[in-house]
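Participant: Please find one structure pasted underneath; my questions will follow.
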Amino acid sequence: MNRSVPKPSTRGVVITAVAILVVVALAVHYLVLLPRRVEWKLAITTGSVQGVFTLNELKAVSEAVDLPGVGRVKAVPLSKLLLLSGVDLNTTLVYRIHASGADGYSRSIERAFLYLPGTYVILAEGQEADWGPLRLAVKGLSSKYWVKMLVRVDVETKQWGLVLLVDNETAAFLELSDLLGAAVNLEGVGLTVPLSQLLAEHGIDVENVEVVELVGSDGYRCVLHPSAISDIHVMLVPDALVRELGPLRAVVRGRPKSTWVRHLVAIHLVTRG
């Protein structure tokens with residue numbers, strides 16, 4: 001007995017065809033027609049400060065960068081664009097980044113100062129690249145934070161401070177005024193706050209700490225054994241040296257200067273828990 005195979009309805013075929021055409025049209029619009037119709041631009045905003053960069057301007061300040069999963073590409077460090085936009089990274093913390101694409105996709109990065117040294121704007125080799133002329137890429141974060149067809153980056157800043165992290169979670173954010181109120185004069189260094197004092201004030205048990213990581217805003221990191229905690233001091237840098245050292249500096253008494261971290265933004269403690 002022969003069984004007849006039901007034929008797809010004409011309406012279903014039409015709906016499917018229309019859906020495919022819509023997807024193709026959107027892709028052509030965003031990836032081909034839009035970049036050719038108008039010059040693609042990237043806006044960097046932070047408060048009242050705004051910088052707008054064309055593709056040619058971005059290309060002129062780009063550099064070759066090796067990115068995991070992508071390879072060697074032309075890219076511009078976001079920090080460079082912030083500087084060109086008038087943001088003083090010596091005294092200002094980039095606390096949050098919100099990146100938006102022309103297709104409506106957007107992502108926010110909290111505690112952005114930890115990722116800023118590895119945040120780049122990638123330039124496509126051709127405008128027909130499948131992720132558009134520009135893309136935000138962030139080393140150390142999932143690709144879901146990598147925004148395609150990038151057109152805007154909104155930046156939230158704060159006055160400089162120190163973040164205490166415990167197992168990558170924020171335990172405290174200390175403003176300069178908080179630190180100044182607890183500072184004492186350390187011979188040969190100046191005004192400092194002992195790390196052991198900060199940990200005690202915020203209920204962090206030193207006995208559970210396995211690793212201490214000192215983090216600078218320029219990406220420099222120093223990893224120390226917890227036995228160094230009693231030697232670590234947070235230095236409040238005099239105004240005359242802020243441009244060179246940043247508002248805060250980690251000083252490790254009795255250790256090489258390579259363990260002293262300029263532009264200190266965070267102290268990360270890894271615990272047994």
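Quick note: the coordinates plus some simple rules give every number you see, no bench work behind them. Owing to the predicted nature of the structure, the values given are computational and were not obtained by experimental measurement. Virtual Cβ from ideal backbone geometry, glycine too; neighbours counted across all protein chains shown.
Participant: Given labels modelled 7 Å from the Cα in the Cβ direction, how far is it in nm from D178 to Q159?
Facilitator: Here the modelled spin labels are 1.3 nm apart.
Participant: Okay, moving on. How long, wide and thick is the range 117-203, going by the Cα atoms along their three principal axes, in whole angstroms, largest first?
Facilitator: Answer, in whole Å and largest first: 60, 26, 22 Å.
Participant: Sticking with this structure for a sec: Return the ratio Rg/(2.2 N^0.38 Å) for the range 36-159, where Rg is computed over Cα atoms only.
Facilitator: Working: Rg = 13.3 Å, N = 124, 2.2 N^0.38 = 13.7 Å.
Against the empirical 2.2 N^0.38 Å value, I get 0.97 for the range 36-159.
Participant: Shape of the range 161-271 from its Cα gyration tensor (a ≥ b ≥ c, root eigenvalues): rounded if a/c is under 1.5, otherwise prolate when a/b > b/c, or oblate?
Facilitator: rounded
Participant: Amide H neighbours of T271 under 5 Å, counting only residues 5+ apart in sequence or on other chains, H built in-plane at 1.01 Å?
Facilitator: Amide H neighbours of T271: D167, E210.
Participant: Moving on to the next point. Taking 23 Å as the cut-off for C-alpha to C-alpha distance, list the pairs among K80/K158; K59/K158; K139/K257; K59/K144; K74/K144 that go past it. Intermediate results must be reported in sequence, preceding the final value.
Facilitator: Numbers: K80/K158 18 Å; K59/K158 29 Å; K139/K257 27 Å; K59/K144 25 Å; K74/K144 21 Å.
Those over the limit are K59/K158; K139/K257; K59/K144.
Participant: Let me know the charge dipole size of the range 161-271 about its Cα centre in debye, to the nearest 20, where only the beta-carbon of Lys, Arg (+1) and Asp, Glu (-1) is charged.
Facilitator: On the way: 7 positive and 14 negative charges, 104 e Å.
So the magnitude is around 500 debye.
Participant: Right, next: R0 = 30 Å: FRET efficiency of N208 with N185, Cβ-based, nearest 0.05? Can you show the working numbers first?
Facilitator: On the way: r = 31 Å, r/R0 = 1.02.
E(calc), rounded to 0.05, equals 0.45.
Participant: Order of 258-271, 228-241 by packing, highest average Cβ count within 10 Å first? Provide the component values of the computation, followed by the final result.
Facilitator: On the way: 258-271: 20.5, 228-241: 17.2.
With the highest mean Cβ count within 10 Å placed first, the list reads 258-271, 228-241.
Participant: Also: Using per-residue counts of other Cβ atoms within 10 Å, averaged over each peptide, order 113-122, 167-176, 216-225 from highest down.
Facilitator: On the way: 113-122: 22.7, 167-176: 14.1, 216-225: 16.3.
With the highest mean Cβ count within 10 Å placed first, the list reads 113-122, 216-225, 167-176.
Participant: How much length, in nm to one decimal, is gained on full extension between K139 and K59, taken as 0.36 nm per residue of separation minus their Cα-Cα distance? Write down the numbers at each step before the final one.
Facilitator: Details: separation 80, 0.36 × 80 = 28.80 nm, distance 2.05 nm.
Answer, rounded to one decimal: 26.8 nm.
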